[in-house]
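The values are calculated or read from the model by the stated rules, or taken from the named source; none is laboratory data. A quick note: this is a predicted structure, and the numbers were derived from the prediction, not measured. Glycine also receives a Cβ, built like all others from the backbone with ideal geometry; neighbour counts cover every protein chain displayed. In case anyone asks, the SASA skips ligands and DNA or RNA and just uses the protein heavy atoms, side chains included. Shrake-Rupley method; radii C 1.70, N 1.55, O 1.52, S 1.80 Å.
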Protein chains: 2
Amino acid sequence: MSSVETTESPAVPGLCVLISGRGSNFLALSDAILDGRLRARIACVVSNREDAQGLIHARERGIATAVVPHKGLTRSEHALRLLDVITPHAPALVCLAGYMRLLAPEFIRAFPNRILNIHPSLLPAFTGLDAQKQALEYGVRVTGCTVHLVDEELDHGPVVAQAAVTVQDADDEASLAARILAQEHKLYAEAVEKLLHHPWEIRGRRVIFSNPSH
Amino acid sequence: MSSVETTESPAVPGLCVLISGRGSNFLALSDAILDGRLRARIACVVSNREDAQGLIHARERGIATAVVPHKGLTRSEHALRLLDVITPHAPALVCLAGYMRLLAPEFIRAFPNRILNIHPSLLPAFTGLDAQKQALEYGVRVTGCTVHLVDEELDHGPVVAQAAVTVQDADDEASLAARILAQEHKLYAEAVEKLLHHPWEIRGRRVIFSNPSH
């Protein structure tokens, strides 16, 4: 667990980002902050894998990192260790960015409607792993990506934002995934900016922005 | 059952369109033919309900119509009567346009991969009735419409074309349905034109156009 040192104003809302691998969506959020498109700061990047490449990028950018291995722990034990690391940062939002573990209910309940995930399909279609492959095998002509609030069911919480991506006849899994990923990078930062800086509420399952920016 | 009189060239592929109500997608196909966007002719419009408003529009446009009531018949008996009406037209495609009955396997097998349906969601999301309401209640930000080949499962066959429609915060079922319907009218004619006039094949569940126009 690394120490936390930040020089940003405490008024800027903080994000904790959970990754398991390269964390390209973490980098996209970080880029959006540097560009001024996202008014936030990344308080910490946490990985369950110490070899996650995203940790290297975080350190290069001077962002606090932590590794919380899951091996040998129950989901619940792991959740408590994650909470020990994340809670002190008092994040406005916890953003999953290619985090490949299911979060225990203890963790989800600690941040009600404040955990976000991004998924490479237009949910509710194609939940779970290999969503791009599922979409190709189904033969859809339109797929996309979804930013949603995390609840206790997989890929299920209220939808915050979605972007559509057209499937081409020549697409394979790699080409389709790359085009979706480009949209993810844009959508995630927009959705976080909107959630942080526009009033919103949940009606049923709908996330309604009372002063929508688009 | 009305008589069939057509002055169009027999080389122009014929469509049989099945409706149950106003049949706005039938009218959209007919408009596209009149506009020259769709190189086809409508050989007949068939309804299971004699009060279907689309029948009036068909007659106004000089298109042959037939009513094949389903009341008191098993699905299978009804299918055989439909086949009696439709088979003599030797349609290149059978297009469902708000046809509110499930077709019996006997009917579907008579036109393998030549029956089309249009559904007001991005399938596989929100199958069945009230797809627009289902989408709103789920809280998606992107929905749309799907043209698909009809197989023996509901809203399930290979996807031919899809169009995305953005859900607005202010949308109710009526406003969303209207925006989707506008896309349906465009998409259905494009999909029929493409199926009739471009080589295509089915790989797995994917409809692949070997010489795609877009």
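Data table
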{"quantity": "Residues (under 18 Å from residue A:91 (Cβ atoms) and touching a Leu at 6+ places or on another chain (Cβ under 9 Å)) located in region A:35-57", "calculated": "A:38, A:39, A:40, A:41, A:42, A:43, A:44, A:45, A:46, A:47, A:48, A:54"}
{"quantity": "Within region A:100-115, tally of residues that are in contact with a helix residue (DSSP H, G or I) (Cβ under 7 Å, 6 or more places away or on another chain) and either of a type in the set (A, V, I, L, M) or on the phi > 0 side of the Ramachandran plot (or both)", "calculated": "5"}
{"quantity": "Residue check, residue A:91 of a type outside the set (S, T, N, Q), under 16 Å from residue A:149 (Cα atoms) and open to solvent by 30 Å² or more (accessible area, probe 1.4 Å)", "calculated": "no"}
{"quantity": "Filtered residues of region A:94-114 (kept if farther than 17 Å from residue A:187 by Cβ, among the aliphatic types (A, V, I, L, M) and either buried (at least 16 other Cβ atoms within 10 Å of the Cβ) or modelled with pLDDT of 95 or more (or both))", "calculated": "A:94, A:103, A:104, A:108, A:110"}
{"quantity": "Which listed residue is among the aliphatic types (A, V, I, L, M) and either within 14 Å of another protein chain (Cβ to nearest Cβ) or surrounded by 19 or more Cβ atoms within 10 Å (Cβ to Cβ) (or both), from B:129, B:122, B:154", "calculated": "B:122"}
{"quantity": "Residue check for residue A:70: under 26 Å from residue A:194 (Cα atoms), touching a helix residue (DSSP H, G or I) at 6+ places or on another chain (Cβ under 9 Å), not assigned by TED's automatic domain parsing to the domain that holds residue A:189 and not hydrophobic (A, V, I, L, M, F, W, C)", "calculated": "no"}
{"quantity": "Test: residue in region A:136-150 that is surrounded by fewer than 18 Cβ atoms within 10 Å (Cβ to Cβ) and either in contact with a helix residue (DSSP H, G or I) (Cβ under 9 Å, 6 or more places away or on another chain) or closer than 27 Å to residue A:58 by Cα (or both)", "calculated": "no"}
{"quantity": "Positions within region A:161-183 being farther than 17 Å from residue A:145 by Cα and buried (at least 20 other Cβ atoms within 10 Å of the Cβ), in sequence order", "calculated": "none"}
{"quantity": "Pick from region A:184-209, criterion part of a strand (DSSP E or B) and facing chain B (nearest Cβ under 9 Å), ranking: most open to solvent (accessible area, probe 1.4 Å)", "calculated": "A:203"}
{"quantity": "Complete set of residues in region A:128-162 that are within 20 Å of the chain's Cα centre (by Cα) and part of a loop (DSSP other than H, G, I, E, B)", "calculated": "A:128, A:129, A:130, A:150, A:151, A:152, A:153, A:154, A:155, A:156, A:157, A:158"}
{"quantity": "Condition check for residue A:58: surrounded by 23 or more Cβ atoms within 10 Å (Cβ to Cβ) and within 14 Å of residue A:97 (Cβ to Cβ)", "calculated": "yes"}
{"quantity": "Within region A:163-174, tally of residues that are within 14 Å of another protein chain (Cβ to nearest Cβ) and part of a helix (DSSP H, G or I)", "calculated": "1"}
{"quantity": "Evaluation of residue B:148 against (1) in contact with a strand residue (DSSP E or B) (Cβ under 7 Å, 6 or more places away or on another chain); (2) facing chain A (nearest Cβ under 8 Å) (one fails), failing number", "calculated": "(2)"}
